[in-house]
Each structure stands twice: as C-alpha cells, then as structure tokens.
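Heads up: the structure comes next, in structure tokens.
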Amino acid sequence: MPAESTPEPAIPGDPGNNTPRRPEGGRRKPRSPRRKALMITAWTAAGVVALGGAGAGYLFFKLNGNLKSVDINQALGSDRPLKVDNGSENILVLGSDSRSGTNKKLGGGADDGSARSDTAMIVHVYKGHKRASVVSIPRDTLVARPSCTDSKGTVHGAVSGAMFNSAYSTGGAACAVKTVESMTGIRMDHYIEIDFSGFQKLVDDLGGVTVTTTKAISDHESHLRLAAGSHTLNGKQALGLVRTRHGVGDGSDLGRIQLQQAFMKALVGQVKHIGLLSNPKKLYDLADTATRTVTTDSDIGSVTDLASFAGGLKGIGASHMNMVTMPVQYDPADGNRVLVDKAKAELVWKALKADRPIPRAATQGTATGTAKGVVSPG
C-alpha cells in the first residue's frame, strides 16, 4: 500500500546539501530467455527525486500517493544480521517483472499473476558517501533459501539448491532480503525495487541515455539492433540492451550482467549532468515516473525520506562505483546454473562488512561473461 506521510511546507535542504564464462567444450547452451524485469535504475530514480531540492519541493508532496513501501523490519523481526554502525549503508536493489498490465506488453509471457526478480544488486555505500561498490547477484545462482512468510501469511519452508530469483516469487521483497542476508551475513539497511515499464519510461523521460558500443549488437529476442559506435538509446532500446543475452558475448546471464553494469554507469553519469532545475516540467515528469515505479522499504517510503536518502548518494559518480559480480562457478551438473564460490564470496562479504574495497582476488578465476567492454558511457 502507498506509504503514509504528513505534508510539510517544503522538502528540507537544497540540491547541495540534502542529507559467466561458458563451460569449456560448449556445454552451456543458450536458452531462450523469459522476458525480464530490469532494475538498474532505482538508484538513479531516487537521485532524481533529490535533484529537485527546494526548486520544486512543494510539488513532491503530491507524489507521496505514488509511492509503495514494504515494512521489511516488521516482516523479518529480530532474526537478522546486526547493523554495523560504521557510517556505511547496504541497499538491496531489485527488479520485478509482474507479467501484468504494461509489463506484459513489454516483457511478453503469460499473465500468471506472479512476479519475478531477474536483476539484483547489493549496493554498498562507503562511509562519507563518496564511493560505492555494487555486487550483482546472478538470478540463476543456486542458494539455500531460508524459510519465508509471504504477504498472505503462508509460511514457505527452507529449501536448499533453489534459484536465487525464486525467493522474490515465493515470499516477495521480505523473502528476497532475508535470502540475501542469509547468504552474505550483511544486514540490508534499505530496499529499492523498480518494475519493467518504469525502467523504459524513466529513460524516455530523461531524454535517452548515451552509450558507445565497440561491437554491433543484434538480438531478435530483445529486438535490439545497434551498430558499433555512439548511440542515444530511447527507453525501448535501453530495455533491449540490458536484457540482451544472445546479441553479444557468449549468450550467458553473466554476460548480460556486464551489459547492465555498463549501462548503469552511463545512466548515473547522465543524471548527474542534466539541467533539471531549468526545466520544471521535465523534473516533475521524472519525479512522477520515479515515484510511480519504485517500491522501497518503509524507512524511505515517503518523498521527504526518499529525498533525504537520495541526497546522500549524489556525491557518488560513475567513476567512483566499483561494479563486480558475486563470485560464482558454473554448476558441473547443469551449465545453465551457477554456484556460489564460497571462499571468494566470503572475501567480498568481509570487505563490505569492514567498509573496505573489494579485493581483486575475490573475483579472479571465477565464472564471468564475455561482454565486458562492449558497452561504455557515451
């Protein structure tokens, strides 16, 4: 349900101070992807709200009714990792694909009433909020999913060897957070989710996102065709880029993650340099889209709270975002699945808990896609 909030005369503050590699021998066969939800813009969507500052603050209170929030704290109770009070923050950024309404038209597939999460990232904001590490979690990772209670009160027992993205479809946002916390031992301070149609509209409201491709990309599954060179992608093209698997690289989901990470850097860089305050209508359209398409945890479930939270992210540019994929290896029993490389993943989680950079050794020798460097910010 929409987050409740009490209108105030203006938003506090101003814009300046708001506080995988294919297995050898070709064993891994490309498989037809389901139409996927894309979530790599929730970080930016929150930033859009903050960018308005006092310039159009009074309008944002009209947008509170757009926001949806989930009370993660109440749902999970006290059985969670302890919060590390060192000035850092951990945010689970998730994409959802509801297969209904506009999402059905964009994503295809049957409207079965379910929702899925096919893109997930842990964003670690370091103390001082000038740098961040982003860890992508492959959706096909086989994990131990803990016991979860869904929104109807039904308890789903713990399962070993479950696909990571089944956590969301089983128990919603709270189950996704619980699964990530169980895997990492790290408490998620916040949760942000965006849906499929919102991604496309946000890119269109921004006026497109400029990227450079080093190779031609052609994928009939995602309906994307790009020649090598510079492109300003509209929402439909951007959606095609971040969901393409067969258009470039080895056809793996790990390769698609590499494309998503590159596009996210381009998107973050572009938002930081557009003149929103000189265009009130564009600012309002962006804020309207952002608040309609994101779901947050209840701690940032109002426009004022979201703006305050996003104000702390504004100092992080694309060049200060280290993006990696959770260390995994292909499952010897099924080349379409991956397993957590526990020893190397532990290096990642220990670094984030201590608010330190992720060591290079954590990702060396792990499974990876072959799409790195194909896309870069324009």
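Looking at (1) crowded, with 24+ Cβ neighbours inside 10 Å; (2) out of contact with any helix residue (DSSP H, G or I) (no Cβ under 8 Å at 6 or more places or on another chain), which is the only condition Gly251 fails?
Every listed condition holds for Gly251 apart from (1).
Listed here are the residues, each with its yes/no results for (1) open to solvent by 10 Å² or more (accessible area, probe 1.4 Å); (2) modelled with pLDDT under 95.
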| position | (1), (2) |
| --- | --- |
| Pro138 | no, yes |
| Leu142 | yes, no |
| Pro146 | yes, no |
| Thr149 | yes, yes |
| Tyr168 | yes, yes |
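Is it true that some residue in the stretch 334-354 is crowded, with 17+ Cβ neighbours inside 10 Å, over 22 Å from the mean Cα position of the chain (by Cα), farther than 19 Å from His129 by Cα and modelled with pLDDT under 95?
Yes, because at least one residue in the stretch 334-354 is crowded, with 17+ Cβ neighbours inside 10 Å, over 22 Å from the mean Cα position of the chain (by Cα), farther than 19 Å from His129 by Cα and modelled with pLDDT under 95.
So which of Leu94, Leu106 ends up being at pLDDT below 90, open to solvent by 20 Å² or more (accessible area, probe 1.4 Å) and not in a loop (DSSP other than H, G, I, E, B)?
Checking each option against the conditions leaves just Leu106.
Would you say Thr214 is more than 21 Å from Trp349 (Cβ to Cβ), of a type in the set (Val, Ile, Thr) and open to solvent by 40 Å² or more (accessible area, probe 1.4 Å)?
Considered against the rule, which asks whether it is more than 21 Å from Trp349 (Cβ to Cβ), of a type in the set (Val, Ile, Thr) and open to solvent by 40 Å² or more (accessible area, probe 1.4 Å), Thr214 comes out as yes.
Being open to solvent by less than 20 Å² (accessible area, probe 1.4 Å), under 21 Å from the mean Cα position of the chain (by Cα), at pLDDT below 80 and among the aliphatic types (A, V, I, L, M) narrows it down to one of Ala290, Ala307, Ala238, so name that one.
Ala307
Any idea which of Lys344, Lys282, Lys372 is charged (D, E, K, R), assigned to a helix (DSSP H, G or I) and within 22 Å of Leu254 (Cα to Cα)?
Lys344
Within the stretch 170-188, which residues are open to solvent by less than 10 Å² (accessible area, probe 1.4 Å), hydrophobic (A, V, I, L, M, F, W, C) and under 16 Å from Leu339 (Cα atoms)?
Val180, the sole residue that qualifies.
Run down Ile186, Ile192 and say which single residue is part of a loop (DSSP other than H, G, I, E, B), touching a helix residue (DSSP H, G or I) at 6+ places or on another chain (Cβ under 7 Å) and among the β-branched types (Val, Ile, Thr).
Unique residue meeting the criteria: Ile186.
The values are calculated or read from the model by the stated rules, or taken from the named source; none is laboratory data. The structure presented is a predicted model; accordingly, all values stated were derived computationally and were not measured. Here Cβ is always computed from backbone atoms with ideal geometry, including for glycine, and neighbour counts include all displayed protein chains. Heavy atoms of the whole protein, side chains included, go into the accessibility calculation; ligands, DNA and RNA do not. Shrake-Rupley method; radii C 1.70, N 1.55, O 1.52, S 1.80 Å.
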